[in-house]
Amino acid sequence: MAPASHRGDRVSESSPPVSAPAAPAPVVCVVEPDAELAARLARVTAEQQAEVVTFGTSQRALEHLATQRCDVIVASDGLEGPTCPALLRRVQNEHPEVLRVVLSDRDGVEVFRRVPYAHQFFRRTAAPAALAAALGQCLELRSLIRRPQLRALVSSSNALPAAPQLYAQLIDLLADPKCSMVKVVEVIQRDIAMSTRLMQLVSSAFFGLSTQIQSLGACVGYLGLNAVRSLVLSAEITQLYPAAVPGFSSETLHARALATSRLARRLAPGVVDEGQAFVAGLLHGVGQLILASRAPERFAETLQLVKERELSLTAAELEVFGATDAQVAAYLLALWGQPIEIVSAIANQDSPERVDVRTPGMATLIYISKRLTHNPAMPLGDDPASPQQLNTAFLTQVGALDTLTSWRAVASRVAS
């Protein structure tokens, strides 16, 4: 039975048995001035075996966060003093391990533009079952962010890693509804190396343009603001985590990531958002960069296990690190505020059945894209852990087997 919610009070559906101590229940902070809606969210949260604290203002929520634990914050986009973007920006800076959710009736693209510090958004009018499912996703991601071994692999100290400077500047800039393309170009132009890299990319065969892009402004205009932001992040991660491991090439990894992102975007229509598919494909392999940079000897050992024992990279990483590069990438990207759909897809890129149960989703798309980029004719098989085959049972389960032929054809065209 879900107990009633009281503003500023904690609500817990049940207490763990005394004989079997459990981990502390996740705490969800709801910042919503509409008391009726806040109470509805409290009931849904309690059903997810979580505690909930509700607040009518941003200031009360910040006062709570200063002294109390919080795992997920759900904030209304109609808040004032501070506003929702200001509140979630402070939470990201001061409590980066907290999952940040916007409660809104706006379109998702508009929400993430106005509040780029959010991982997820919930519709205010969503049915309780839809809210429960979305909250369940957040709580699953929260468990990933709190794994201490991932923090140790990503950061050189006990401190959580800060977002790269240029990427952070772009996040703040794009949060301004009055932001212009000219201003974005001015910020990027200050970084000569980044400007050059973006120009090289858009002028390369990757985008297949018939005419050459002559200016950074045209480059940004062609790619779009979200793609530029993600390309900047990818490049800055490469600079933050330089890798020097025999048999491992960051250039090769980046080329594969670009190819995967291109195919994912081509396969996305009718499945997921094209822009998010591009970003997930582009960033899906950054965990390998982090492992190769932070623990080069252990990553070299991992590659040796793949070669000598014919293990998959995932299996070898689990044996050496106790975590996979996909989990490491998802951990870092979640801390830096990438949307939950992207983070979840990257975390589950080799086990999409964990999140895509009945229909193909973002994780399925990245699973398919990175394999068909490697080999458009990759065979079907019954080994779910093999990187050299597509799992027949899973594709049948999500209804994607009939689409596979057309996906292979697109992959062949993209590769040519």
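Bear in mind that the values in this text are calculations on the coordinates, not laboratory data. It should be emphasised that the depicted structure is a prediction, and the values quoted were computed from it without experimental measurement. So basically every Cβ, Gly included, is an ideal-geometry build from the backbone, and we count neighbours across all protein chains shown.
Tell me which aspartates and glutamates have Cα within less than 16 Å of K178's Cα, excluding those fewer than 8 residues away on the same chain?
By straight Cα distance, K178 reaches E110, E186.
What's the FRET efficiency of N375 with N93 using the Cβ-Cβ distance as r and R₀ = 35 Å, to the nearest 0.05?
Numbers: r = 43 Å, r/R0 = 1.24.
Once the sixth-power term is evaluated, E becomes 0.20.
Just to verify a number: FRET efficiency for Q189 and Q239, C-beta to C-beta distance, R0 = 22 Å, to 0.05? List each step's numbers first, then the result.
Details: r = 18 Å, r/R0 = 0.80.
Efficiency at R0 = 22 Å is approximately 0.80.
Just order 305-311, 79-85 by mean Cβ neighbour count inside 10 Å, highest at the front, would you? Mind showing how you got there, number by number?
On the way: 305-311: 12.9, 79-85: 17.4.
The most tightly packed comes first, giving 79-85, 305-311.
Treating cross-link reach as a plain straight distance, find the aspartates and glutamates whose alpha-carbon is under 15 Å from the alpha-carbon of K183, omitting any fewer than eight places away in the same chain.
D172, D191
Among the lysines, select those whose C-alpha is under 27 Å from the C-alpha of K370, and discard any that sit fewer than 8 residues away in the same chain.
Partners within reach: K307.
If a/c stays under 1.5 just call it rounded; otherwise compare a/b with b/c (prolate if a/b is bigger, oblate if not). Do that for segment 154-415, with a ≥ b ≥ c from the square roots of the Cα gyration tensor eigenvalues. Show your work: numbers first, answer last.
Values: a/c = 1.71, a/b = 1.25, b/c = 1.37.
Because a/c hits 1.5 or more and a/b fails to exceed b/c, segment 154-415 counts as oblate.
Rounded if a/c is under 1.5, else prolate if a/b beats b/c, else oblate: with a ≥ b ≥ c from the C-alpha gyration tensor eigenvalues square-rooted, which is segment 301-373?
Here segment 301-373 falls in the oblate category.
Using the Kirkwood radius over Cα pairs, work out the Stokes-Einstein diffusion coefficient for segment 263-416 at 20 °C and 1.002 mPa s, in µm²/s as a whole number.
Values: Rh = 15.8 Å.
So the translational diffusion coefficient is about 135 µm²/s.
Where a ≥ b ≥ c are the square roots of the eigenvalues of the C-alpha gyration tensor, would you call segment 10-146 rounded, which needs a/c under 1.5, or, failing that, prolate if a/b is larger than b/c, or oblate? Intermediate values should be presented prior to the final figure.
Numbers: a/c = 1.60, a/b = 1.40, b/c = 1.14.
Because a/c hits 1.5 or more and a/b exceeds b/c, segment 10-146 counts as prolate.
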